[in-house]
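The structure appears right after this line, and notes come after that.
The values are calculated or read from the model by the stated rules, or taken from the named source; none is laboratory data. Bear in mind the structure is a predicted one, so any value in this text is a computation, not a measurement. Here the Cβ is made from the backbone with ideal geometry for all residues, glycine too, and neighbour counts use every protein chain on show. Only protein heavy atoms, including side chains, enter the accessible area calculation; ligands, DNA and RNA are left aside. Shrake-Rupley method; radii C 1.70, N 1.55, O 1.52, S 1.80 Å.
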Amino acid sequence: MTSNLHSTSDLIRVWQLPYAARLGSSVRSKGIYLEVRARLPTAVRKALTVSAGELRLRMPKGADDEFLRASSIVSKALESIEDLPVIPREIEDILGISTTERHRWLKDGRLPSIGTRTVKLRGRVKKITFHVFDPRQVEDLLDRDTIDAWRAEDAEKAAENRRRAAWKAKLTRLKRKGDQGPTASTEPVDADDRFALRGWAEFEREGPR
C-alpha cells in the first residue's frame with residue numbers, strides 16, 4: 001500500500017488499495033471505501049472518493065489541520081484492511097456467483113461463514129444482519145477455481161433430482177391406472193434456500209453507520 005501527498009491548489013492524498021484487500025473487485029473496493037469513510041467525521045466524508053482501486057482525499061488549502069486529521073484516520077483504517085471480512089455483494093462479485101448460489105452453498109456448508117454482522121443504516125431505525133466471509137478463504141476459492149467444480153456437482157445433483165421426479169410421476173400415473181409398480185422413493189428433493197436480507201438495498205447505497 002502506498003500513499004502520496006501532492007502539492008496543488010488543493011490538498012490531496014492518495015492511497016492505493018493492494019490486490020490482497022480488493023481481490024480484483026470494484027465492488028470490494030467500494031466496500032472498503034464505505035468502511036473507511038464511515039470512520040471520518042461527517043463533515044469531511046465527501047472529501048474522500050474511490051476510483052480505479054485507490055482512495056483519494058481532497059480538501060481545499062487552508063484546511064491543513066483538518067486534512068491531516070482525516071489523513072491519519074484513513075491511514076490507520078487501512079493498516080489491516082486486508083483482513084476486513086467480505087460481505088455478500090462483494091463475494092458475489094469476486095467469485096462471479098449469483099445470490100442463489102451463495103445462499104445454497106452457505107446453507108450446505110461449502111461456503112463457510114465466519115459469523116454475522118449487524119449494521120444500522122444511517123438516519124434509520126432499521127438494522128440488517130448478514131453473513132460475512134474470511135477474505136483469505138475467498139481468495140483461496142478464487143485461486144483454485146472451486147466454483148466450477150461446485151457448479152458441476154450441482155448440475156449432476158439437479159439432473160438426478162429430475163430423473164427421480166420423473167420416475168415418481170410415472171409411478172403415480174401407473175397407480176391411477178390400477179397397475180402395480182415398485183414403491184416410489186420418499187427421499188426429499190433439494191430446494192434452494194432463499195433467505196433474503198431485508199434492507200440490503202439501503203445498506204448498499206449508504207454504507208455502514
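Couple of notes before you dig in:
- Probe 1.4 Å, all protein chains present, accessible-area order of 42, 118, largest first: 42, 118
- For the stretch 104-181, the carbon plus sulfur part of the accessible surface works out to 50%, probe radius 1.4 Å.
- Efficiency of FRET from Cβ geometry, residue 16 and residue 127, R₀ 41 Å, rounded to 0.05: 0.75
- Computed with every protein chain present, the accessible area of residue 19 is close to 110 Å² [probe 1.4 Å].
- Most positive-pole-ward Cα, 26, 63, 48, against dipole of the stretch 16-103 from beta carbon charges: 63
- Solvent exposure of the stretch 10-52 amounts to 43 Å² per residue of accessible area, where only protein heavy atoms count and the probe is 1.4 Å.
- With all protein chains modelled, accessible area of residue 66 [1.4 Å, Å²]: 70 Å²
- Cross-link partners of residue 126 among lysines (Cα-Cα below 26 Å; sequence separation of 8 or more within a chain): 30, 46, 107
- Full-extension gain in nm, residue 63 to residue 100, via 0.36 nm per residue minus C-alpha separation: 8.5 nm
- For residue 100, solvent-accessible area (1.4 Å; no DNA, RNA or ligand), Å²: 40 Å²
- Surface per residue (accessible, 1.4 Å probe) for the stretch 61-116, Å²: 49 Å²
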